[in-house]
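A short write-up of the structure that comes next.
The values are calculated or read from the model by the stated rules, or taken from the named source; none is laboratory data. Since this is a predicted model, take the numbers as computed values, not measurements. Please note: Cβ atoms are built from the backbone with ideal geometry, for glycine as well, and neighbour counts cover all protein chains shown.
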Amino acid sequence: MRRVAVLGSTGLVGQRLMAMLWNHPWFEPVPVTLSSDKAGKRYGNVVDWVIDWAMPEGLGELTLESYELNNLKELGIDFVISALPSSVATEVEPALAREGFAIVSNASSMRLEPDIPLINPEVNASHISLIEEQGKRGWKGFIVKVPNCTTSILTLTLKPIMDTFGIDLVAVTSMQAISGAGYHGLPAVKIAGNIIPYIKGEEDKVREETKKILGSLAGSEVKKAGFSVMASTNRVPVLDGHTLSVFVKTKKTAEPVDIAEVLSEFPNNEIAGMGLPTAPEKPVKVFDATDRPQPRLDVDIGNGMTVSVGRIRKDPDTGWIKYVALGHNTVRGAAGNAVLISELLLRKGLI
Ligand SMILES: NC(=O)c1ccc[n+]([C@@H]2O[C@H](COP(=O)([O-])OP(=O)(O)OC[C@H]3O[C@@H](n4cnc5c(N)ncnc54)[C@H](OP(=O)(O)O)[C@@H]3O)[C@@H](O)[C@H]2O)c1
């Protein structure tokens with residue numbers, strides 16, 4: 001068993017992480033807080049458990065541990081998963097990496113730095129080798145980043161299309177869940193019965209991170225994918241699950257039936273056959289029904305790790321392929337991806 005310190009364990013991503021790591025066959029979670037007010041208290045007394053999974057029995061009895069370096073060492077922590085706000089992660093994560101900790105982080109800071117792997121395991125597990133470059137920073141440990149939630153969902157569907165047909169251009173409109181904004185994110189009076197057509201920084205993240213994740217590894221760096229990604233991102237009154245309306249101009253002619261086939265099969269899935277416990281049987285599920293996927297019905301498919309795709313069709317005027325994709329933002333887009341990356345690191349002997 002590897003002991004994993006979970007930073008930000010009481011937040012929305014942190015709660016999913018603690019639930020996924022509890023009873024995990026390889027990992028044992030230790031909730032850690034940066035707040036001196038919370039350190040030493042029972043996890044169950046501090047956390048406001050609001051996610052739709054029941055809190056596993058016994059989890060609430062854990063003690064929230066202090067973040068002091070000596071404490072982490074005494075606790076025998078093997079690696080760290082961070083669900084901290086980006087503003088805090090900017091300082092905390094590099095400091096831990098310098099001290100020798102391996103960190104898998106959900107925070108957006110550093111995602112685009114050339115030596116930081118930005119991993120969506122089925123799509124670009126091979127980029128993990130960028131870790132070797134981080135030694136040049138003088139770090140004894142390393143940082144691996146989980147992509148932005150919308151980007152994780154989008155790239156899982158674009159990768160098989162790119163590999164088979166090539167991509168010239170992508171346009172995407174997102175309808176993003178409230179939980180994507182975090183525990184304190186959005187007051188009900190702003191979002192109930194409403195749509196907010198702006199999410200700070202999101203469109204840039206989707207554009208740049210998609211090109212990095214779908215880029216090719218060339219020696220010690222990633223050469224970004226050479227197509228543009230136009231994104232328009234919106235917050236909608238859905239609790240969990242980001243829905244994306246995607247438009248793709250492929251290089252080679254593709255029919256909807258061909259797209260459905262490559263998505264269902266997902267050839268070249270980079271972790272196929274590795275036996276990672278959190279890997280879903282099918283990374284992408286394709287629906288034939290014309291009114292699916294829907295967040296309320298489909299967000300939990302594959303324990304929240306499967307992205308659902310439907311309405312695959314061809315635009316009669318342009319020949320572009322159009323489809324709808326849905327993924328669980330705090331699972332596939334955050335906690336689940338972090339656990340899957342950790343499993344990949346363990347398989348590769350890096351933690
Ligand atoms: N929500 C999503 O769908 C999603 C998706 C992808 C990525 N992310 C990223 O994942 C991270 C966590 O997101 P979240 O939605 O879980 O946020 P959240 O609900 O606001 O939780 C963040 C947690 O971080 C700790 N924290 C908050 N402010 C802090 C501060 N000033 N100093 C130290 N610790 C602080 C707290 O944990 P403790 O009380 O336990 O210390 C808090 O519960 C963020 O970087 C976010 O951008 C979120």
If we keep only residues of region 91-114 that are exposed (fewer than 15 other Cβ atoms within 10 Å of the Cβ) and part of a helix (DSSP H, G or I), then the residue nearest to the ligand (Cβ to nearest atom) is E91
For region 228-242, how many residues meet the condition of being at negative phi and in a loop (DSSP other than H, G, I, E, B)? 5
Filter pass, I199 being in contact with a Lys or Arg (Cβ under 7 Å, 6 or more places away or on another chain) and surrounded by fewer than 21 Cβ atoms within 10 Å (Cβ to Cβ): yes
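Every residue, every condition in (1) among the aromatic types (F, W, Y); (2) within 12 Å of the ligand (Cβ to nearest atom); (3) in the same structural domain as A181 (by TED's automatic domain parsing); (4) under 24 Å from G275 (Cβ atoms), yes or no:
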| site | (1), (2), (3), (4) |
| --- | --- |
| V6 | no, yes, no, yes |
| G11 | no, yes, no, no |
| E28 | no, no, no, yes |
| S36 | no, yes, no, no |
| A39 | no, yes, no, no |
Would you point out the residue of region 66-89, among those that are in a helix (DSSP H, G or I) and within 10 Å of the ligand (Cβ to nearest atom), that is farthest from A19 (Cα to Cα)? S87
Pairs please, first residue from region 260-273 and at positive phi, second anywhere and surrounded by fewer than 18 Cβ atoms within 10 Å (Cβ to Cβ), Cβ atoms under 7 Å, 6+ apart in sequence or on different chains. N268/D163
Mind counting the residues in region 313-333 that are in contact with a Leu (Cβ under 8 Å, 6 or more places away or on another chain) and buried (at least 24 other Cβ atoms within 10 Å of the Cβ)? 5
Determine, yes or no, whether E122 is in the same structural domain as F27 (by TED's automatic domain parsing), part of a helix (DSSP H, G or I) and more than 15 Å from the ligand (Cβ to nearest atom). yes
Taking region 1-57 and keeping residues touching a strand residue (DSSP E or B) at 6+ places or on another chain (Cβ under 7 Å), among the hydrophobic types (A, V, I, L, M, F, W, C) and closer than 11 Å to I81 by Cβ leaves V4, A5, V6, L7, L17, M18, L21, F27, V30, V32
Residue in region 169-182 that is over 17 Å from R313 (Cα atoms), surrounded by fewer than 16 Cβ atoms within 10 Å (Cβ to Cβ) and among the hydroxyl-bearing types (S, T, Y) present: no
Note down all Cβ pairs under 6 Å where the first residue falls in region 161-184 and is more than 24 Å from V47 (Cα to Cα), the second is of a type in the set (G, A, S) and away from the ligand (no atom under 16 Å from the Cβ), and they're at least six residues apart or on different chains. F165/A254; L169/S228; T173/S232; T173/S245
Residues (within 12 Å of the ligand (Cβ to nearest atom), within 19 Å of G304 (Cα to Cα) and among the aromatic types (F, W, Y)) located in region 41-65: W49
Does any residue of region 130-138 turn out to be over 30 Å from K249 (Cα atoms) and within 12 Å of the ligand (Cβ to nearest atom)? no
Exactly one of V229, V238, V189, V206 is over 21 Å from S86 (Cα atoms), within 13 Å of the ligand (Cβ to nearest atom) and not small (G, A, S), and that one is V238
Of all residues in region 13-26 being within 12 Å of the ligand (Cβ to nearest atom) and in contact with a Pro (Cβ under 8 Å, 6 or more places away or on another chain), the one that is farthest from D78 (Cα to Cα): G14
